[in-house]
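Please treat every number below as a calculation from the coordinates, not as lab data. Since we're looking at a predicted model, the values are computed, not measured. Every residue, glycine among them, receives a Cβ derived from its backbone with ideal geometry; neighbour counts consider all protein chains shown.
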Amino acid sequence: MWATFCHLSAFIGFVFPLGNILAPFLIWIIKREDFPLVNDQGKESINFQISTTIYYIIFFLLAFLLIGIPLIIVLAILEIIFIIKASIAANHGKKYHYPITIRFIK
């Protein structure tokens, strides 16, 4: 259940700036010692959210050239899809590895 919350908590970022990184990080820090799946999936979620934040910044800068706007929309849709897929996998006790992710925390 906590591994699922690591993924779902990223949706907070749509309401609070950087909540997409902080919420999974807090869950991971608190529960990583208790549950191996939370340790693995927490890192996955944090890495994905840091990566998407970097991509959003780059695409925002590209928005001045008008190519960033469609990229931001596509990234937002993919982010929602990947978070849902990861949450479902974690809920079934399976590990999920996000695509397009830079591995900052190993």
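A compact table of results
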read-out: Ascending count of other beta-carbon atoms within 10 Å, so fewest first, for 74, 15, 38; value: 15, 74, 38
read-out: Exposure proxy ranking, count of Cβ atoms within 10 Å, fewest first, for 28, 2; value: 2, 28
read-out: Listed residue (97, 60, 72) projecting farthest to the positive dipole end of the chain, Cβ model; value: 97
